[in-house]
Amino acid sequence: MQVLKERILSEGVVKSGNVLKVDSFLNHQMDINLFDAMGEELKRRYKDEKITKILTIEASGIGIACIVARHFGVPVVFAKKSESKNLDGDLYTSPVYSFTHKKEYMIRVSKKFIKAEDRVLVIDDFLANGKALIGLFDILNQSGATIVGAGIAIEKGFQGGGDALREQGIRIESLAIIDEMGEDFVKFRD
Ligand code: 5GP
């Protein structure tokens, strides 16, 4: 998606440890018009699929998922990363290793909100090694829901998570795929 690639080139900052900082438009300050265009594009790509729910993970997936969900007209469920008194009843859980925080944590989704008859699109801001998506897919498999696919804003293709999931037959649509990046350059997959 050209407009997203241009924003990455003009505002993205490559940090050490293969981290791309895009906090001026994606995951701190959020450009809602850009999110809306991403929703339009994901709706176009998934137009032939029936989707009943969007699943994402807190925190930075939530903003994008909400705007994307307007295009599909379905609710958003987000996996929670911490225990809370408000999160009661039966839960699906899965351990996820965080790329940015370098530690493992549990993600939790109430069984009330994902059912076997759901057809779910998973949304996230970044795809790197694929651990967040694997955890979300694990929760969907536990629920018996159908995994329609994933919609990702930025995939760091060189970290391999996306291609490994595609090889398993899972549909992964990423709006910008970075094949290489360094201190002063970002190279996109065609
Ligand atoms: P994965 O689980 O695929 O290794 O990493 C995906 C998760 O880590 C995303 O939910 C995202 O929040 C975070 N992440 C991975 N790489 C980056 C990055 O380069 N920049 C930022 N801002 N977040 C990242």
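I'd like to check something: does segment 143-152 contain any residue that is closer than 30 Å to M181 by Cβ and among the hydroxyl-bearing types (S, T, Y)?
No.
Given the residues A65, A37, which is the only one that is under 15 Å from the mean Cα position of the chain (by Cα) and not in a loop (DSSP other than H, G, I, E, B)?
A65
For segment 155-183, how many residues are β-branched (V, I, T) and under 22 Å from L140 (Cα atoms)?
2
So which of R44, R70 ends up being touching a residue at least 12 places away in the same chain (Cβ under 8 Å) and surrounded by fewer than 18 Cβ atoms within 10 Å (Cβ to Cβ)?
Result of the check over R44, R70: R70.
Within segment 108-115, can one find any residue that is within 11 Å of the ligand (Cβ to nearest atom), over 12 Å from the mean Cα position of the chain (by Cα) and of a type outside the set (K, R)?
no
I'm told G162 meets every condition in (1) in a strand (DSSP E or B); (2) near the ligand (Cβ under 10 Å from one of its atoms); (3) not acidic (D, E) except one. Can you identify the failing condition by its number?
Among (1) in a strand (DSSP E or B); (2) near the ligand (Cβ under 10 Å from one of its atoms); (3) not acidic (D, E), G162 violates only (1).
Scan segment 8-25 for residues that are under 15 Å from I177 (Cβ atoms) and either more than 7 Å from the ligand (Cβ to nearest atom) or not β-branched (V, I, T) (or both) and jot them down.
I8, L9, G12, N18, L20
What pairs come up if the first residue lies in segment 90-105 and is part of a strand (DSSP E or B), the second is among the acidic types (D, E), and their beta carbons are under 8 Å apart, counting only those six or more places apart or on different chains?
Here the result reads S94/D138; P95/E104; V96/E104; Y97/E104, each pair linking segment 90-105 to a residue that is among the acidic types (D, E).
I need the full set of residues from segment 116-141 which are surrounded by 15 or more Cβ atoms within 10 Å (Cβ to Cβ), outside any strand (DSSP E or B) and away from the ligand (no atom under 16 Å from the Cβ), in order please.
The one that is surrounded by 15 or more Cβ atoms within 10 Å (Cβ to Cβ), outside any strand (DSSP E or B) and away from the ligand (no atom under 16 Å from the Cβ): D118.
List the residue pairs whose Cβ atoms are under 7 Å apart, where the first residue sits in segment 4-27 and is within 23 Å of E173 (Cβ to Cβ), the second is buried (at least 17 other Cβ atoms within 10 Å of the Cβ) and at pLDDT below 95, and the two are 6 or more positions apart or on different chains.
Sorted first by the residue in segment 4-27, then by its partner, the pairs are N27/S60.
For residues that are within 15 Å of the chain's Cα centre (by Cα) and in a loop (DSSP other than H, G, I, E, B), scanning just segment 165-183, find the one that is surrounded by the most Cβ atoms within 10 Å (Cβ to Cβ).
The selected residue is I170.
Would you call I64 buried (at least 16 other Cβ atoms within 10 Å of the Cβ) and within 23 Å of D36 (Cα to Cα)?
yes
The values are calculated or read from the model by the stated rules, or taken from the named source; none is laboratory data. Keep in mind that this is a model prediction, so the values were computed, not measured. Using ideal geometry, Cβ is built from the backbone for each residue, glycine included, and neighbour counts are taken over all protein chains shown.
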